[in-house]
Amino acid sequence: MKSPKEYALEKYLLSQLDRDSDSYRLATLLVQDPEIEALQEYANSVSIKRLNYNDHGPVHMRQVAINGVKMLTLLKDAGIKTSLEQEESGSFEDSMLALLLASFVHDLGMSIGRSDHELTGLVIARPIMNRILTQLLGDQLTRKIAIISVASEGVLGHMANRRVHSLEAGMLLVADGCDMEKGRARIPMSIMSHAKVGDIHKYSSNAIEKVTITKGDSVPILIDIAMSSDVGFFQVEEVLLPKISMSPAKVYVQVHAGVIGKERKKYL
């Protein structure tokens with residue numbers, strides 16, 4: 001059964017999309033798909049209960065989708081074309097479809113385990129993406145191939161251990177890294193019994209009070225991170241910044257971070 005948080009995120013995600021667009025229709029299919037939901041739920045169980053990591057389930061993947069939609073829209077507003085647009089292989093809407101798809105399936109490999117989960121996840125996700133896009137686009141084969149290929153690049157590269165080249169895949173990297181607010185560590189913190197390897201992910205995420213994505217002054221995207229203690233800098237410097245540095249979107253992003261009440265550090 002879906003949590004109230006999931007429903008709230010779904011409502012917000014859909015509110016950010018044009019009701020007459022393919023991206024709205026795709027988001028609707030994604031949030032209603034029982035196979036995706038079941039895989040996300042089990043991936044989260046493995047992540048939290050077996051591996052002692054933070055949320056890698058339905059709430060996380062919906063938040064990543066929201067982050068991605070915000071940032072891709074900010075790039076469009078700044079006149080930045082996506083890779084599919086630049087290469088004349090698709091439209092901005094196609095890029096949004098690829099980012100939405102990748103956001104909802106990028107961590108499905110966690111249903112098997114952490115090691116190489118971007119690879120196992122792509123094996124799991126590819127037929128699902130094909131099925132969903134066939135529902136949405138029918139026999140538009142050329143369009144489907146471009147969208148699935150870009151989404152696959154995003155899934156494969158989201159751990160920042162492989163270079164990605166499309167702006168869309170790069171946006172997934174940043175959107176994924178931005179999901180670091182304290183709520184992501186709520187369940188792991190509540191069931192913690194004794195010290196384990198990986199606890200820094202829980203403690204550092206629990207220190208992040210708010211992540212805000214807005215229009216920047218000198219670049220299209222400003223990511224502002226407010227934290228309750230310095231341990232939150234682990235999330236910024238060891239999780240988010242490595243993802244941004246491997247992203248083709250790096251030149252379009254600023255990061256400001258700091259403890260509430262103190263001066264922000266400015267990165268990038």
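The values are calculated or read from the model by the stated rules, or taken from the named source; none is laboratory data. This structure is a prediction, so every number in the text was calculated from the model and none was measured. Here Cβ is always computed from backbone atoms with ideal geometry, including for glycine, and neighbour counts include all displayed protein chains.
The conditions of being at pLDDT 95 or above, crowded, with 23+ Cβ neighbours inside 10 Å, closer than 20 Å to I225 by Cβ and not hydroxyl-bearing (S, T, Y) are not met by V150. Listed by first and then second residue, the pairs linking a residue in the stretch 139-167 that is touching a residue at least 12 places away in the same chain (Cβ under 8 Å) and closer than 13 Å to S103 by Cα to a residue that is of a type in the set (K, R) and outside any loop (DSSP other than H, G, I, E, B), with Cβ atoms under 7 Å apart and 6 or more places separating them unless they lie on different chains, are S152/R126.
For the residues V197, V211, V255, V219, the requirement of being of a type in the set (V, I, T), modelled with pLDDT of 95 or more and in a loop (DSSP other than H, G, I, E, B) singles out V219. Total residues in the stretch 258-268 satisfying the condition of being of a type outside the set (D, E), assigned to a loop (DSSP other than H, G, I, E, B) and exposed (fewer than 13 other Cβ atoms within 10 Å of the Cβ): the figure is 3. Can you work out which of the residues in the stretch 57-110 that are acidic (D, E) and assigned to a helix (DSSP H, G or I) is surrounded by the most Cβ atoms within 10 Å (Cβ to Cβ)? Taking the candidates together, the pick is D94. Does the stretch 14-36 include one or more residues that are in a helix (DSSP H, G or I), over 21 Å from L137 (Cα atoms), in contact (Cβ under 8 Å) with a residue 24 or more places away in the chain and not basic (K, R)? No: the stretch 14-36 contains no residue that is in a helix (DSSP H, G or I), over 21 Å from L137 (Cα atoms), in contact (Cβ under 8 Å) with a residue 24 or more places away in the chain and not basic (K, R). The residues on offer are A78, A65, A38, A43, and the sole one that is small (G, A, S) and under 13 Å from the mean Cα position of the chain (by Cα) is A65. Of the candidates N67, N52, the single residue that is farther than 22 Å from L136 by Cα, touching a Cys at 6+ places or on another chain (Cβ under 7 Å) and in contact (Cβ under 8 Å) with a residue 24 or more places away in the chain is N67. On inspection, V231 passes the criterion of being at negative phi, part of a helix (DSSP H, G or I) and without any contact (Cβ under 8 Å) to a residue 40 or more places away in the chain.
One residue stands out among those in the stretch 28-56 that are buried (at least 18 other Cβ atoms within 10 Å of the Cβ) and either hydroxyl-bearing (S, T, Y) or touching a strand residue (DSSP E or B) at 6+ places or on another chain (Cβ under 6 Å) (or both): the one that is nearest to H117 (Cα to Cα), which is S47. Among the candidates G113, G177, the residue that is within 12 Å of the chain's Cα centre (by Cα) and within 27 Å of L241 (Cα to Cα) is uniquely G177.
Can we say V123 is among the β-branched types (V, I, T), surrounded by 24 or more Cβ atoms within 10 Å (Cβ to Cβ), out of contact with any strand residue (DSSP E or B) (no Cβ under 6 Å at 6 or more places or on another chain) and assigned to a helix (DSSP H, G or I)? For V123, the condition - among the β-branched types (V, I, T), surrounded by 24 or more Cβ atoms within 10 Å (Cβ to Cβ), out of contact with any strand residue (DSSP E or B) (no Cβ under 6 Å at 6 or more places or on another chain) and assigned to a helix (DSSP H, G or I) - is not met.
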